[in-house]
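Before any comments, here is the structure.
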Amino acid sequence: MSSTSPIDFTPTHQIKQIHATVSQGHASGITKSYEWREHQLKQLAYLLQENETIIEEALTTDLGRPNLENHVGELIGTRNEVLSALKNLKQWTKPQSVKTELTWLIAKPRVSHEPKGIVAIFGAWNYPIALLFGPLVGAIAGGNSIILKPSENCPATSNLLSNLVAKYLDPQNICVINGGREQSTALLECRFDHIFFTGGTSIGKTIALKAAETLTTTTLELGGKSPAVVLDDANFYVTAKRIIWAKGLNAGQTCIAPDYVLVSEQSESKLIEAMKKVMKEFFPSDAQSNKTSTKSDNPGPSDSKFCKIVNQRQFDRLNNYLSQTRGEIIKLDLNSSAQPEMADPTSLRIPLTLIRNVQHDDVLMEEELFGPLLPILTYNNDHEDIVQCLHRINQSAPLALYAFGQSEEKLEFIRKHTKSGQFVCNDLLIQFNIPGLPFGGVGTSGLGNYHGYYSFLAFTFERPLVNFPSWADMLLTSRYPPYTPLKFKLLQALLGPAKLKGKSNPQPPALTDPQDFKRLLTPASASYFSRIPLKFSLSFLLLALYYYRRQDQSGQKGFLNSLKKVQEYFKQYISS
């Protein structure tokens, strides 16, 4: 385990002074200009681009994470966020016209997104770059002055970020405060216009209570027990690959990692066998690795080891779960140095552990695991059991809900009858890096969202703009006293409201989509189009494009001949 230099805590008596500096910088009005926002976003991009190597080293020191995971989980997505904001900044900051009644077009109604003001961003230790700089992109684009508070659990990364932010960004409007509970408490005593927090639910509640004292708006990115529901018609091998990858990334220390798997009793053995197979593929034995590896594809030591648990306290918490659970730990016998056979307190590494026969009242189901432990729960194909499973998901309102299956109807049915921050079908984690999608929770899993344009919205408020010209006063003279019946009729004719046709009916309409849970049990029949091999479909499209671009007669004949062959192939394929 790499040695880590202690973090340089910011003295608490300096925090108010830093807040005053940022307040003074914001009062100058420079952050509202387009030029300042563009310059700071470019500087943030250069910060990430020019210091990629030392950032990787700091992340490896704090988390012991493979370099590929550093890029997939943090660096690629964060740099794309910055570039997307630079590309769309002019459009975001420009006042937008609104759809309105014809009567009010003369007033030129628009909406301007104004900076909230002075904001605080609390990062998290599991992804110290993405979860600090991701919100920072939206705060800069929104024209705010910012105080950043990275996690004290990643000292190497926090120290590095403090130095880089001071070097690359405007020190009068963007500052970093390092420290633990004492510094965070002192920071919350300062007056902010918005607080952005990523972390656990308990601390999120504390921040929400403190913000409520001054009616400060908040964005809370929390977590929860995100389930992965595997239906009977799922592709078990692909499902197992994706679940194991998502749970193994960052050793399960991801807020949207699958917290547990929910599968039917009849399909449990299929899924577990597929998971065992995938684990041996992902973490081959040392003897097998030495035989099959070559110089070109043999990963280095730093890229083959399983990520470590962040600190001793988290390691002990997860280890206690393993000793207290009533579930059955599935033996894998990997014999791979990529991850230890059992929990290793020296390296703070815990192997990715599959646990079956877990009940809903088990210790593993009490709170978010946030580690490489994966309980596998089962349900029977019974109406009431499925109702209870969906009800539990509804009650917990997880940050993410994953569902695996081939029937679009069944997947849509699960979406309609559950509640979660995100709903992802047949994959995991990818929603975090898809441009254009908001990221956030609901209920106990979070408040508000961000990413891309939604980050800009999180750090701005919508300010209506109206300019009603004085020469148009004659259009609304009926609003002035003295009031008369004639003025009332004119005002109604001009402003409405229009009458709604029909009559009231207190009887609510019948459900068009009743909760027919038996639909989850009936196997879906695959259509002919779903049976068409993907490679064949792509080949046919390329062939059609080739003949289409040929304008001569032979090209048209060739296309028709190919079409006839395709029809014959379809008949043979479908009949078989």
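The values are calculated or read from the model by the stated rules, or taken from the named source; none is laboratory data. Keep in mind the model is a prediction, meaning the values are calculated, not measured. Cβ atoms come from the backbone with ideal geometry, glycine included; neighbour counts cover every protein chain shown.
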query: How many residues are surrounded by fewer than 16 Cβ atoms within 10 Å (Cβ to Cβ) and modelled with pLDDT of 95 or more when one looks only at segment 324-354?
result: 4
field: Answer residue from segment 178-208, given it is surrounded by fewer than 20 Cβ atoms within 10 Å (Cβ to Cβ) and of a type in the set (V, I, T) and is farthest from I147 (Cα to Cα) among those
entry: T201
- prompt: Does L411 satisfy the criteria of being farther than 17 Å from T444 by Cα and in contact with a Gly (Cβ under 8 Å, 6 or more places away or on another chain)?
  reply: yes
- request: Say whether the condition of being crowded, with 23+ Cβ neighbours inside 10 Å, of a type in the set (D, E) and either touching a residue at least 12 places away in the same chain (Cβ under 8 Å) or not assigned by TED's automatic domain parsing to the domain that holds V424 (or both) is met by at least one residue in segment 217-227.
  value: yes
message: Just checking: which of the strands (runs of 3 or more DSSP E) contained wholly in segment 388-500 hold 3 or more residues that are touching a Cys at 6+ places or on another chain (Cβ under 8 Å)?
response: 400-404
task: Go over the candidates T460, T477, T484, T444 one by one and state the one that is under 30 Å from P258 (Cα atoms) and either of a type in the set (V, I, T) or surrounded by fewer than 11 Cβ atoms within 10 Å (Cβ to Cβ) (or both).
output: T444
- prompt: Which pairs have Cβ atoms under 8 Å, sit 6 or more apart or on different chains, and link a residue in segment 390-403 that is without any contact (Cβ under 8 Å) to a residue 40 or more places away in the chain and on the phi < 0 side of the Ramachandran plot to one that is basic (K, R) and outside any helix (DSSP H, G or I)?
  reply: N394/K419
- request: Could you look through segment 310-353, keep only residues that are within 28 Å of the chain's Cα centre (by Cα) and among the charged types (D, E, K, R), and pick out the one that is farthest from L374 (Cα to Cα)?
  value: R313
- prompt: If E74 satisfies every condition in (1) charged (D, E, K, R); (2) under 16 Å from N250 (Cα atoms); (3) at pLDDT 95 or above but one, which is the exception?
  reply: (3)
- request: Pairs only if they're at least six apart or on different chains, beta carbon under 6 angstrom, first in segment 474-494 and farther than 18 Å from W104 by Cβ, second among the polar types (S, T, N, Q) and in a helix (DSSP H, G or I); list them, first residue then second.
  value: K487/S478
statement: When restricted to E74, E35, the only residue within 30 Å of W245 (Cα to Cα), among the charged types (D, E, K, R) and assigned to a helix (DSSP H, G or I) is E74
query: Given the structure, is A472 among the small types (G, A, S), at pLDDT 95 or above, in contact with a helix residue (DSSP H, G or I) (Cβ under 7 Å, 6 or more places away or on another chain) and not assigned by TED's automatic domain parsing to the domain that holds R392?
result: no
Strands (runs of 3 or more DSSP E) (entirely within segment 107-225) containing at least 2 residues that are under 28 Å from E57 (Cβ atoms) and over 24 Å from the mean Cα position of the chain (by Cα): 174-176
field: Conditions (1) in contact with a Phe, Trp or Tyr (Cβ under 9 Å, 6 or more places away or on another chain); (2) without any contact (Cβ under 8 Å) to a residue 60 or more places away in the chain; (3) among the charged types (D, E, K, R): number failed by K108
entry: (2)
